[in-house]
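Trainee: Shown below is the structure under consideration.
The values are calculated or read from the model by the stated rules, or taken from the named source; none is laboratory data. Please read all numbers here as calculations on a predicted model, not as lab measurements. Reconstructed Cβ throughout: ideal geometry from the backbone, glycine too, with neighbour counts over all protein chains shown. Accessible surface is based on the protein model in full, side chains and every heavy atom, while ligands, DNA and RNA are left aside. Shrake-Rupley method; radii C 1.70, N 1.55, O 1.52, S 1.80 Å.
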Amino acid sequence: MRPAPDLSLFSLEGTVALVTGSGRGLGLEIARAMNRAGAHVLLNGRDGDRLRAVAAELDGGPAPVTALPFDVADRAAVRDAFARIGREFGGLDVLVQNVGQRNRKPLLEFADDEILTLLDVDLASSLVLAREAARLMLPRGRGRLIAVTSVAGQIAKAGDCVYTAAKAGLSGMVRALAAEYGPHGLTSNAVAPGFFATETNAAIAADPVAGAYFSGRTPMGRWGRPEEIAGAAVFLASSAASYVNGHVLVVDGGATILM
Ligand SMILES: NC(=O)c1ccc[n+]([C@@H]2O[C@H](COP(=O)([O-])OP(=O)(O)OC[C@H]3O[C@@H](n4cnc5c(N)ncnc54)[C@H](OP(=O)(O)O)[C@@H]3O)[C@@H](O)[C@H]2O)c1
């Protein structure tokens, strides 16, 4: 009889993983998959009731799931949350920075404070969270920083420039932190989703013109299913990616390789 397959290379058993923006959408799928791989997942978002409902739904998996509601752009709340992670969960092994808001409109229609708010939520808060995570990870000499960027970090579309600038900045952050923390045992990588039919994108995906435009410019001829993002994030958090550092892993059905 053959031995059972050994999947330990992809196991997250014994780790603690914070996934921001994991009450729905891609973050929820990443949290679900990481928990199935054995991570104690800390769910995040601003709506605590929603997180507690998701935690109850995921209860019974191979590791605990805990709701940790806070706004990633609220500096005091971030400090409190990381203090709690250090105190109650003994540290942090994986940080997935998945929160990303979007405001599709031409630059001329943006007020100053709208630009600053979007950059704060999508980019500046990621630097703050990465710093707080690093404070917990550096003394242990290990940790995985994973950002969820976008194909919009590499290619552009009119009427979406603040989000595009933030995502391109996030890709730069990922590389810079890979250089800064690589010598200390941490890795910093990103997942860059293409077009995923999440709740937030449901109307566009279902639209016969816009939905077909995006699936038509993807070699696989369809939108991504939300759960199809999760494998890349689990890989980057696992031992299988122990020497992967500063990489942006595009998950887009091939959309960005087309001329
Ligand atoms: N969907 C796609 O096709 C696609 C493509 C490329 C890149 N991405 C990126 O992938 C990530 C996830 O996208 P998604 O479509 O799954 O997003 P989503 O459905 O809009 O979900 C966003 C999650 O983030 C939470 N959130 C929003 N602002 C927050 C804040 N300030 N603090 C804490 N939590 C916050 C929301 O919960 P609350 O409202 O309860 O806070 C929600 O759970 C984003 O970074 C997005 O830019 C998505």
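Trainee: Separation between the Arg135 and Phe10 pseudo-spin-labels, each 7 Å from Cα along Cα→Cβ, expressed in nm?
Mentor: 3.6 nm
Trainee: Something else about it: Just the projected area, averaged over all directions, of the convex hull on the alpha carbon atoms of the stretch 130-248: how many nm²? Could you put the intermediate results ahead of the total?
Mentor: Details: hull surface 33.2 nm².
Convex hull of Cα atoms, orientation-averaged projection: 8.3 nm².
Trainee: Which residues' amide hydrogens lie under 5 Å from the amide hydrogen of Leu42, considering only partners 5 or more residues apart or on another chain, with H built in the peptide plane?
Mentor: Close amide H contacts, sequence-distant or interchain: Ala17, Leu18, Val19, Thr66.
Trainee: Still on this structure, I have one more. Restrict the search to the stretch 58-142; then list the chymotrypsin sites (Phe, Trp or Tyr not before Pro) that DSSP places in a loop and that have at most 16 other Cβ atoms within 10 Å of their Cβ. Can you show the working numbers first?
Mentor: On the way: sites: Phe70, Phe82, Phe89, Phe110; in loops: Phe70, Phe110.
Qualifying residues, ordered by number: Phe110.
Trainee: Using the C-alpha atoms of the stretch 1-110, what convex hull volume per residue, in cubic angstrom, is computed? Don't skip to the answer; put the middle values down first.
Mentor: Numbers: hull volume 15.7 nm³, N = 110.
Dividing the Cα hull volume of the stretch 1-110 by its residues yields 142 Å³.
Trainee: Probe radius 1.4 Å, ligands and nucleic acids ignored: give me the carbon and sulfur share of the accessible area of the chain as a rounded percent.
Mentor: In the chain, the share of accessible area belonging to carbon and sulfur is 56 percent.
Trainee: Let me ask something else about it. Where only protein heavy atoms count, and the probe is 1.4 Å, what is the accessible area per residue for the chain in Å²?
Mentor: Accessible area per residue: 48 Å².
Trainee: Write down the Å³ per residue value for the convex hull defined by the alpha carbon atoms of the chain.
Mentor: 154 Å³
Trainee: Here's another thing I want to ask about it. Give a residue-ordered list of calculated ³J(HN,Hα) values for the stretch 101-109 (Karplus: 6.51 cos²θ - 1.76 cosθ + 1.60, θ = phi - 60°; whole Hz; x for Gly, Pro).
Mentor: Each residue's phi maps through the Karplus curve to give 9, 9, 9, 7, 6, x, 4, 4, 8 Hz.
Trainee: Would you mind checking which residues have amide H under 5 Å from Ala190's amide H? H placed 1.01 Å from N; only 5 or more apart, or other chain.
Mentor: Distant-sequence amide H within range of Ala190: Ala147, His247, Val248, Leu249.
Trainee: Ordered by residue, what ³J(HN,Hα) values in Hz, to whole numbers, does the stretch 6-16 give under the Karplus form 6.51 cos²θ - 1.76 cosθ + 1.60, where θ = phi - 60° and Gly and Pro are x?
Mentor: Listing the rounded values in order: 9, 9, 4, 4, 9, 7, 10, 4, x, 9, 10 Hz.
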